[in-house]
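The values are calculated or read from the model by the stated rules, or taken from the named source; none is laboratory data. Model, not experiment: these values are computed from the prediction. Note that we place each Cβ from the backbone using ideal geometry, even for glycine, and neighbour counts take in every protein chain shown.
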Amino acid sequence: MGVEAPERLLHNLETESRESLYDQLRNETELTANLVQKGIRRAIEATKSGVARLKKGDNTSQPQFDAWSVVYDKRSATFHRDHVSLSTVNGRVECDYVIPDDAEETPIGAYLLNEDYEFRMSTLQYDRHSESLPVTMRVRISRSKA
């Protein structure tokens, strides 16, 4: 076994995990294909993180996802400046953002309402008391500014 053997083994395990889980999760959950793929990717990344910690000699534990959450990207959500359209098991759902009247001097004004930023992804978290949709954005830099 060379140095690349563990990485190759991990890659094969990832491929096998995706293939074996995909059909099962699609049949059992009614989630869209993209949401199933995102969930599988999230679990694999958490496992890879644990493996990396073990390689460094650090302690780690089995990944657990106790909170109900869904990862959305541009394929499973359409982000707008005042609302979002999310893919769900019951079709698409549109949700308005709660935007304060004086949003200009807040992160909402600086990022959400700023056309220089584009939406990338979001994780919908549910905690029985509130629902939140933190959004990851990136700044657009025009070629003339770069």
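Quick notes
- Summed over the stretch 97-107, the residues that are within 22 Å of Tyr72 (Cβ to Cβ) and either under 20 Å from the mean Cα position of the chain (by Cα) or of a type in the set (S, T, N, Q) (or both) give a count of 1.
- Any hit, the stretch 8-27, residues being farther than 19 Å from Arg120 by Cα, within 14 Å of the chain's Cα centre (by Cα), modelled with pLDDT of 85 or more and surrounded by fewer than 15 Cβ atoms within 10 Å (Cβ to Cβ): no
- Subset of the stretch 8-51 [out of contact with any strand residue (DSSP E or B) (no Cβ under 9 Å at 6 or more places or on another chain), polar (S, T, N, Q), closer than 20 Å to Ser69 by Cα and in contact (Cβ under 8 Å) with a residue 12 or more places away in the chain]: Thr29, Gln37, Thr47, Ser49
- The combined condition, being in contact with a strand residue (DSSP E or B) (Cβ under 6 Å, 6 or more places away or on another chain) and without any contact (Cβ under 8 Å) to a residue 60 or more places away in the chain, is not fulfilled by Asp66.
- Across the stretch 70-96, the qualifying residues are those that are of a type in the set (Gly, Ala, Ser) and over 17 Å from Arg138 (Cβ atoms), and the one among them that is farthest from the chain's Cα centre (by Cα) is Gly91.
- Single residue of the stretch 120-146 satisfying the filter (touching a Lys or Arg at 6+ places or on another chain (Cβ under 7 Å) and either modelled with pLDDT of 70 or more or within 13 Å of Val71 (Cβ to Cβ) (or both)) that is surrounded by the most Cβ atoms within 10 Å (Cβ to Cβ): Arg120
- Gly57 meets each of the listed conditions (1) modelled with pLDDT of 85 or more; (2) in contact with a helix residue (DSSP H, G or I) (Cβ under 6 Å, 6 or more places away or on another chain) apart from (2).
- When Val71 is tested against (1) of a type outside the set (Ser, Thr, Tyr); (2) at pLDDT below 85; (3) exposed (fewer than 14 other Cβ atoms within 10 Å of the Cβ), only condition (3) is not met.
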